[in-house]
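Okay, so here's the structure we're looking at.
The values are calculated or read from the model by the stated rules, or taken from the named source; none is laboratory data. In this text, all values refer to a predicted model and were calculated from it rather than measured experimentally. Positions of Cβ are backbone-derived with ideal geometry, glycine not excepted, and every protein chain shown enters the neighbour counts.
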Ligand code: PMP
């Protein structure tokens, strides 16, 4: 075991109490609060390789990887040195600099996008790409899929209403999923079901000439992992025939599933792509890019306004450049991540079976979700499928792992992220902890 006994959380508890007094819910992003699994969120003091150390000095094997960016592992020497080299040259200029050109050249070369614009988060990337699609097409509606997450811009915080399939007026009509999002905004976002090509075709047949863009996660991480079917991918491509732009949100999957992201793996050709996470190597960066004809609508070249005080920040560019160059220099890396994740899936499957616990695993590349429900592996394809999971069983299992020093994603509806720093030792520790956690759940 990583931990002989559950570790003290005294300091994390004290920090959480202080944090709650000055920050809503004590955290700066909701899932960090452990609401859906219970217990004290660990306040992290440092991170190295595949491990986090919390404020109480306890070491945890990390499967969050900052929710995706840390594909090389924490505190990777190439990234640390690149940031250290940039630091004495100043931390922000508000004027262009060479690293922005270098990273843009690298991203366009690796992904096939002709132009790229850097922003400071994934949210900004998707928000800006949608504005661009509206400016380019002169249309106002956009389409997203239930259970896909694209950041917290107003028009993207919506989920489907119930009149989805019946008539053209209400087809795809959506209601806000957050307070503070006016229905007038939500109305402009139509919602369809992921992996349901017939629903997407019907929506495009009814309203295709009003739709500026269809935005989607090419592999979903935000409902837990969902993998697109070939039929669904074909339907996504058909939206282009209606003059709508296809926007791949690769904030999570970009440079994670391959150097060309999920779209490269799946042979998709989106008009625009959004990036974040890995592209900043753990510093705040997002980006959007695509065909020059479309991207040249962005200011100051074109009429679609988008700006940022810290956009192209020199430290963030340095971290992103070092990360992407390291990935490119190690062609076997993606296969190793794949092999680790496949072995993890196999080990979890065996351990759950042994303990009589029902799980269903979806995994691709270094992303994996073990849904707590008794359907065959790979058969969970939509948010509606995923939502049938036993979240109480997941929470019990999560706590079992955490008590043994393995820090899994604290929600059933998230992916975990394997990094290059996860090796045989980490796999062994994880499976040992998972066996014990499944056994405890099976006995409960
Ligand atoms: N799109 C996807 C697919 C994401 O996973 C996320 C964040 N998890 C975002 C957009 C938003 O990115 P950020 O949190 O950097 O704003």
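Scoring residue 261 on the criteria (1) within 20 Å of residue 106 (Cα to Cα); (2) in contact with a strand residue (DSSP E or B) (Cβ under 9 Å, 6 or more places away or on another chain); (3) surrounded by fewer than 19 Cβ atoms within 10 Å (Cβ to Cβ) leaves a single failure, condition (3).
Against the test of being within 19 Å of residue 14 (Cα to Cα) and outside any loop (DSSP other than H, G, I, E, B), the options 110, 52, 103 yield a single qualifying residue, 52. Yes or no: residue 313 under 30 Å from residue 98 (Cα atoms), surrounded by 14 or more Cβ atoms within 10 Å (Cβ to Cβ) and out of contact with any helix residue (DSSP H, G or I) (no Cβ under 7 Å at 6 or more places or on another chain)? Criteria met by residue 313.
Based on this model, can you work out whether residue 439 counts as more than 17 Å from residue 373 (Cβ to Cβ) and touching a helix residue (DSSP H, G or I) at 6+ places or on another chain (Cβ under 8 Å)?
On the way: more than 17 Å from residue 373 (Cβ to Cβ): yes; touching a helix residue (DSSP H, G or I) at 6+ places or on another chain (Cβ under 8 Å): yes.
When the stated conditions are applied, residue 439 passes them.
Restricting 101, 119 to residues that are at pLDDT 95 or above and more than 16 Å from the ligand (Cβ to nearest atom) narrows the list to 101. Working only within the stretch 133-169, note down all residues that are at pLDDT 95 or above and either away from the ligand (no atom under 16 Å from the Cβ) or over 27 Å from the mean Cα position of the chain (by Cα) (or both). Residues satisfying the conditions are 134, 135, 136, 137, 138, 139, 140, 141. Screening 27, 22, 31 for residues that are outside the structural domain of residue 279 (by TED's automatic domain parsing) and closer than 24 Å to residue 341 by Cβ leaves exactly one candidate, 31.
You will find that of 39, 57, the residue that is more than 16 Å from the ligand (Cβ to nearest atom), over 23 Å from residue 324 (Cβ atoms), touching a residue at least 60 places away in the same chain (Cβ under 8 Å) and not in a helix (DSSP H, G or I) is 39 and no other. Contact map, the stretch 232-254: first residue over 21 Å from residue 381 (Cα atoms), second residue within 16 Å of the ligand (Cβ to nearest atom) and part of a helix (DSSP H, G or I), Cβ cut-off under 7 Å, separation 6 or more or different chains; pairs are 245/133.
Taken over the stretch 405-426, residues that are in contact with a helix residue (DSSP H, G or I) (Cβ under 6 Å, 6 or more places away or on another chain) and either assigned by TED's automatic domain parsing to the domain that holds residue 281 or outside any loop (DSSP other than H, G, I, E, B) (or both) amount to 2. When the test is whether a residue is in the same structural domain as residue 69 (by TED's automatic domain parsing), at pLDDT 95 or above, in contact with a strand residue (DSSP E or B) (Cβ under 6 Å, 6 or more places away or on another chain) and surrounded by 22 or more Cβ atoms within 10 Å (Cβ to Cβ), residue 433 passes it. Touching a residue at least 24 places away in the same chain (Cβ under 8 Å) and in contact with a strand residue (DSSP E or B) (Cβ under 9 Å, 6 or more places away or on another chain): does that describe residue 89? No; evaluated as a whole, the condition is false for this residue. Residues in the stretch 14-27 that are in a helix (DSSP H, G or I) and surrounded by fewer than 15 Cβ atoms within 10 Å (Cβ to Cβ): 14, 17, 18, 20, 21, 22, 24, 25. Screening the stretch 389-404 for residues that are out of contact with any helix residue (DSSP H, G or I) (no Cβ under 7 Å at 6 or more places or on another chain) and part of a loop (DSSP other than H, G, I, E, B) and picking the one that is surrounded by the most Cβ atoms within 10 Å (Cβ to Cβ) gives 389.
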